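Here's the structure, in structure tokens; my notes come after.
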Amino acid sequence: MFININLSLLLFSLIYFMNYTLNQLQIFLKIVKTKSITKASEALNLTQPAVSIQLKKLQDQFEIPLTEIVGKKIHITEFGSEIAASVEKIMDEIDIINNKTSSFQGHLIGKLRISVVSTGKYVMPFYISDFIKENPNIELSIDVTNQYSVTEQLKNNEIDFGLVSTLPKKIKVDKLDLIPNKIYLVGLSLPKQTKKNQPYSIFQDNPLIFREQGSGTRQTMEQFLKKNKITVLKKIELTSNEAVKQALLAGLGFSIMPIIGIKNELINEELQLIPFKGLPIRTNWSLIWVKGKKNSPVCNAFIDFLNKNKHKIFDEKFKWYEQF
């Protein structure tokens, strides 16, 4: 793989005609992304003065400001944003060169950046553990967030992969399905006042616990309620699957949620799956990436690993899933 001519010329000028260093460019790029010298220094494990000095040395190479301070906050100028965009392309090409070199030496090295929806934390570790053990030189970053953030990070090229249970609509993606996702009505037990011929009364007589806006589970729940014309009179909103689980165990109400995160509670009969028409909702836990993206050797190796091992991992780690 070759660096395109424009990037080659820019990199050549950086090295031979100017006093930039790759370290300065990396620091500047981190400042642009974090919009903070403090956050950039923390992310790079450097002191704030060290980051400020390198930024000043880089700025000294330009007559046009890269940044400006407004109200004690650093802002990136339009010129600075254009320089950052070029720097990011250069860094991507340098990563490719390093990865290619390592590949020819028989080593897999590079970065693997994955963002997972919060409930996906019960899935992803099992599908990446052996891959990292086999390739200890890979730098792994996993962000646990919600559906909206995963989509935004993919769109902004901040991550290589996302793990979701609902495919995003804003961007086109390629996907690799890992395991089924099953969404049930969950609670301590079926309320005594809920009659078999009036199942919808459970939503009028008891609080329904929602995830926050931006959550894929929240989106699926709301679509189910709308489709079935169910009115919920009492709502509780929580910001993580773990918080929802604890609320259920405390008897605060019911929730429509994936069962992937409540394995022990179901097996120990601490929580129950409440029968309800139209449930479970079935989707898939899928690894996704931007359609047509030029993946790094590390990313391609991870996809190959999953294709070869996903059924084995399911049989070893998720066989319990078939009970429900």
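Each reported figure results from applying straightforward, stated rules to the coordinates on display, with no laboratory input. Just so you know, these numbers come straight off a predicted model, no measurement behind them. Methodologically, a virtual Cβ is constructed for each residue, glycine included, from the backbone with ideal geometry; neighbour enumeration extends over all protein chains shown.
Before moving on, here are some points about what is shown:
- When each of K111/K170; K170/K234; K111/K312 is checked by Cα-Cα distance, pairs over 29 Å: K170/K234
- Three principal axis lengths of the chain [C-alpha, angstrom, descending]: 80, 51, 33
- Computed from phi, the 3J(HN,Hα) profile of segment 153-166 under the Karplus parametrisation 6.51, -1.76, 1.60 (θ = phi - 60°) reads 5, 5, 4, 8, 6, 8, 9, 8, 9, x, 10, 9, 10, 10 Hz, with x in place of Gly and Pro.
- Most to least packed among 315-322, 39-46, 237-244 [average Cβ atoms within 10 Å]: 237-244, 39-46, 315-322
- Note on H75/E237: beta-carbon distance plugged into 1/(1 + (r/R0)^6) with R0 of 30 Å gives a FRET efficiency of 0.30.
- Simple label model, 7 Å out from Cα along Cβ direction - Q223 to D130, nm: 3.2 nm
- Altogether, the Stokes-Einstein calculation at 37 °C and 0.692 mPa s, with the Kirkwood radius of segment 182-282 over Cα pairs as Rh, returns a diffusion coefficient of 243 µm²/s.
- Unsatisfied cross-links (Cα-Cα over 25 Å) in the set K245/K277; K182/K235; K277/K308: K277/K308
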